[in-house]
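The structure appears right after this line, and notes come after that.
The values are calculated or read from the model by the stated rules, or taken from the named source; none is laboratory data. Please read all numbers here as calculations on a predicted model, not as lab measurements. Virtual Cβ from ideal backbone geometry, glycine too; neighbours counted across all protein chains shown. Keep in mind that these areas ignore ligands, DNA and RNA; they rest on the heavy atoms of the full protein, side chains included. Shrake-Rupley method; radii C 1.70, N 1.55, O 1.52, S 1.80 Å.
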There are 4 protein chains.
Amino acid sequence: MKDYKPQAKWKNKLHEVIYEADTPSGKFFDIALFILIIISVILVMLESIDDFDARYHRTLLTLEWVITIFFTLEYIARLISIKKPMKYVFSFYGIIDFLSTIPLYLSYILAGSQVLLAVRAFRLLRIFRILKLVKFMGEASQLQSALKASRAKIAVFIYVVLILSVIMGTLMYIVEGDDSGFTSIPKSIYWTIVTLTTVGYGDIAPQSNLGQFLATVIMVLGYGIIAVPTGIVTAEFTRNGNKKNDSKDNGHLVHVNTQACPNCSVEGHRDDADHCYNCGHPL
Amino acid sequence: MKDYKPQAKWKNKLHEVIYEADTPSGKFFDIALFILIIISVILVMLESIDDFDARYHRTLLTLEWVITIFFTLEYIARLISIKKPMKYVFSFYGIIDFLSTIPLYLSYILAGSQVLLAVRAFRLLRIFRILKLVKFMGEASQLQSALKASRAKIAVFIYVVLILSVIMGTLMYIVEGDDSGFTSIPKSIYWTIVTLTTVGYGDIAPQSNLGQFLATVIMVLGYGIIAVPTGIVTAEFTRNGNKKNDSKDNGHLVHVNTQACPNCSVEGHRDDADHCYNCGHPL
Amino acid sequence: MKDYKPQAKWKNKLHEVIYEADTPSGKFFDIALFILIIISVILVMLESIDDFDARYHRTLLTLEWVITIFFTLEYIARLISIKKPMKYVFSFYGIIDFLSTIPLYLSYILAGSQVLLAVRAFRLLRIFRILKLVKFMGEASQLQSALKASRAKIAVFIYVVLILSVIMGTLMYIVEGDDSGFTSIPKSIYWTIVTLTTVGYGDIAPQSNLGQFLATVIMVLGYGIIAVPTGIVTAEFTRNGNKKNDSKDNGHLVHVNTQACPNCSVEGHRDDADHCYNCGHPL
Amino acid sequence: MKDYKPQAKWKNKLHEVIYEADTPSGKFFDIALFILIIISVILVMLESIDDFDARYHRTLLTLEWVITIFFTLEYIARLISIKKPMKYVFSFYGIIDFLSTIPLYLSYILAGSQVLLAVRAFRLLRIFRILKLVKFMGEASQLQSALKASRAKIAVFIYVVLILSVIMGTLMYIVEGDDSGFTSIPKSIYWTIVTLTTVGYGDIAPQSNLGQFLATVIMVLGYGIIAVPTGIVTAEFTRNGNKKNDSKDNGHLVHVNTQACPNCSVEGHRDDADHCYNCGHPL
């Protein structure tokens, strides 16, 4: 314990508020940030509605400035309060945080870059960081591990779907003329995927008898194929659930909290932990 | 048993007829009410068909009056026959019963309130009260408990779908111009959900090559994502079914009936019960 | 064995050919009938194509007459060869056979009854009778028993879907004006089911913002709801499969054949059976 | 070992490069071929886009020639390096390889045969041959065996869907007039399948009230029916997974590699194999 040079006290405090959700002020910060992010995303949406933007352009811009300033302050605070700022800057959330902050500044440098402004929608990804709710994350990680376990099967499946789409799409392009919208093979493949996945827009639809017959075959195939990913994931869930029950019997699960190590930012420490399980830094 | 002041006998009788389905008259009441509710909902539908309403307006109005009067009488009878009327009035079914009764009266006070009249469709919810069939309720509660057990997983799932929709919707808005119907980000998100869920109206459809490619990605994603809720619910059902079998072995299931306690309205008493399991009132 | 008065030998022979598929001639009869039924159904389809009918009307009519005569002869043969003809006449397949035979005769009595001629499509149902293939029937009966076991759950499910459709349909009718095609509540309910089941024609689609938001909710609901029947059926299949494995261990499955009792027409006798398991008649 | 007359050494070498992926040169050959196939398919697609073809016709044709020459050389190399060339020529992949090579040559003999050129899309099937990655193949074979095990059930299922489509299609043809697009029974059946599989293009949609009601029934049916293949496949996967776990306990799985026997081309030999398990030829 004595080996570690303690950070300045206010930095430690700041770290606790910004990176953790254990203390009241930490919780308040997270909720405030959550609301700010939601508002910032809604602003992006409202701005994209032409009527709305025309009428309330000034208000929207002002609010956007307010949010940008808040995000800028937050970004600086995050940089200061962490021990290894560069690690944060180039981490996934560091980049997201940066991209969430700069669009408005950039729009003054690169005039009229609407694309850039729309990038703000990625701010939504920031929400994942705040949702450190252990319970939900547990569920999510279960979902994730089920998907990971069936990764190879799903890859084979998607590969088969793609091959099928290309071959059926080419067939449909040969069978149907340009009249029904099958103007090229890529467009035909687009239609085949629209049909295989049972989306069925109807912007392109077969007109000839043979084309409609082939379409029917594709649909029934798609109907059967949809069973495969479902079967894979379900089998994984069932197995997973059984496994979980087993480990419950052995009692190897412990409660973890939302604290983040001030040194390496790793989360998921045990409730009774005094040191980071990753770098040994005192918590 | 002697501690309870018995209600007036006719009130007791009325309670049995209205709230229970054990006696012949109770069954008759339930079936009559069932038919009335169905008729009242069909009336609402027929009225909404302009041609039909123009021709048979008088008949429809008369029938509506007949049903309103019946519902009014029933509502009053329910109030009288129960021991704690206020508890009924503010219960879920009490409010539904009230809302089912008043629209016609209100339409004379607040002239031309079509919205109000359409509220009558909620009368359908009343059917749930009559369907006290224990067997069906058992199945429904099994469905319910399976859904409840996988609540957290489903929440994570819906959250991921929403985030995905917002991000993909924004991307599509950037990629596709106003020409193809992607006029704003909210509209784009609407389209993304239409596609992810494989509904695919086709009122909005991508026209550009990049847009169609992105749409293809969204569809295949949607195809894979549909596996997740299915997997969750199925795993829950399988586990549930096994559990049910286990409890059958231990023989802990007893038959319950549709009797409702005249004091506290709780249902689901054992066939051989003499007292309410909730408040101890004799049945 | 001596108690039974044997039928005339040729009748017995005829019964074996028509009702069973064990002998070579019985198999030949079944295959010939199968082809005739398929042809008869294809004729109905071709006739419905206006261009085709205009050009080949005479040929189609001639073929129809040939098939009708064959079906008439077959119907008479079935009547003669069975012991209790009336039981056959009023059985499910007896009625189907009769309806398959008469449309052409009736079209001369009741002039121009196109509906009647289309009834011929029900001839397809006759195929089920020929497909006495034990293996397929075993699979089908497994499917059937899985569906039967989850009947109550499916009923609850469909009930919930219907209630949901009526309520959401009414809401959409209130929210959307007549402009977007939501002209009446029944039409609105039709749209809601089109959306909930993820079919999504797009002939009716919400135009207003609130309508599109509601539609989004309905779609996500439909997405989740689709998991329920799948979960039910899958759980049933999994259990079923396990049960089948168990009974295999105990060795309680015997092979049955396609023979039908000449007295009571019951099928599914054991390969080594000498008497009908239903009426005791010698096979 | 001494019984086998060894092939010429360079032939052996060539065989190893072309048919196997164990050696560095074998791997390089496979990757190069993979890229060539992808390029050749993309060429087919680009050529089908009229604008693109008009502008870059010369480049596309040149590239097509380059690829055709490569494929021709490869085909000849395959013929030379294998011991029994005729067996290769008439094998599945032999035919695919041949069809992938000839379209350009044929287009000079049979002038203007666009259909023939589109056949080139089948080159994609060649990819399956290169993807000798054992892991993926293991997954694919698991998928395959799950599908094979439920083959009979799926056949019954598809049969029921087809019968249902014909009967419902005929009903819709009778109910709906020509106005809504139900111009013939086959078109009506096409629509029914579009609806049952929840694709729902909307190019044909019921207009009459009765038609819309029937459509609703078909949709709910389709909604329920989609559960059946999913249930079948899932149950098979779950069982399969359990079986796999069992065999793991007994330790009967060994690692196989991508080597192909130079004599009989069988693949999937054990890592420690010295002789082909099929014909005994030394590897």
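What to note about this one:
- Shown is the FRET efficiency for residue C:25 and residue C:62, computed with R0 = 41 Å from the Cβ-Cβ distance and rounded to the nearest 0.05: 0.90.
- For residue D:98, label point 7 Å along C-beta direction: distances to other copies, nm: 5.9, 5.9, 8.3
- Label sites at residue A:12 and residue D:179, each approximated as a point 7 angstrom past Cα along Cα to Cβ, lie 8.2 nm apart.
- On the basis of the beta-carbon distance and an R0 of 41 Å, residue B:108 and residue C:151 show a calculated FRET efficiency of 0.35.
- Taking only the C-alpha atoms of the range B:4-132, the Rg (one decimal) and the largest Cα-Cα distance, Dmax (whole number), read 16.1, 58 Å.
- Under-5 Å amide H pairs with residue C:226, H placed in peptide plane, nonlocal only: none
- Applying both filters, DSSP loop and at most 15 other Cβ atoms within 10 Å, to the chymotrypsin sites (Phe, Trp or Tyr not before Pro) of the range C:1-80 gives C:4.
- Measure of compaction for the range B:22-97 (Cα Rg per 2.2 N^0.38 Å): 1.34
- When residue C:59 is represented by a point 7 angstrom out along its Cα-to-C-beta vector, the spacings to that point in the other copies are 5.1, 5.1, 7.3 nm, nearest first.
- Just the protein heavy atoms count here, and of the accessible area of the range B:147-246 at 1.4 Å, carbon and sulfur take up 64 percent.
- For residue B:203, solvent-accessible area (1.4 Å; no DNA, RNA or ligand), Å²: 60
- Accessible surface of the range B:17-102 [probe 1.4 Å, protein heavy atoms]: carbon and sulfur percent: 78
- Each residue of the range A:204-211 is assigned a 3J(HN,Hα), and the resulting list reads 10, 8, x, 10, 6, 5, 5, x Hz, derived from the Karplus form 6.51 cos²θ - 1.76 cosθ + 1.60 (θ = phi - 60°), x at Gly and Pro.
- Sorted from closest to farthest, the other copies place their residue A:213 label points 3.5, 3.5, 5.0 nm away, with each point set 7 Å from Cα along Cα→Cβ.
- In the range A:26-54, the residues whose accessible area drops by at least 50 square angstrom when the other protein chains are added to the isolated chain are A:45, A:48; the probe is 1.4 Å and only protein heavy atoms count.
- Dipole size of the range C:147-246 about its Cα centre, with +1 on Lys/Arg Cβ and -1 on Asp/Glu Cβ: approximately 720 debye, rounded to the nearest 20.
- Probe 1.4 Å, protein heavy atoms only - accessible area per residue of the range A:147-246 in square angstrom: 32
- Cα-based radius of gyration of the range C:17-56 once divided by 2.2 N^0.38 Å, which approximates compact folds: 1.67
- Comparing the full protein assembly with the isolated chain, the residues of the range A:143-183 losing at least 30 square angstrom of accessible surface (1.4 Å probe) are A:143, A:152, A:153, A:156, A:159, A:163, A:166, A:167, A:170, A:173, A:174.
- Working note: Cα gyration tensor of the range B:147-246, eigenvalues times five, square-rooted, sorted largest first, giving semi-axes of 35, 12, 9 Å.
- The interface between chain B and chain C buries about 3900 Å² of solvent-accessible area in total (1.4 Å probe, ligands and nucleic acids excluded).
- Derived scalar couplings between HN and Hα for the range C:191-201 equal 4, 4, 5, 4, 7, 4, 7, 6, 6, x, 5 Hz in order, rounded to whole Hz, by the Karplus curve 6.51 cos²θ - 1.76 cosθ + 1.60 (θ = phi - 60°), x for Gly and Pro.
- Paramagnetic reach from residue D:38 in the range D:18-32 [backbone N under 14 Å; point 7 Å along Cα→Cβ]: D:30-32
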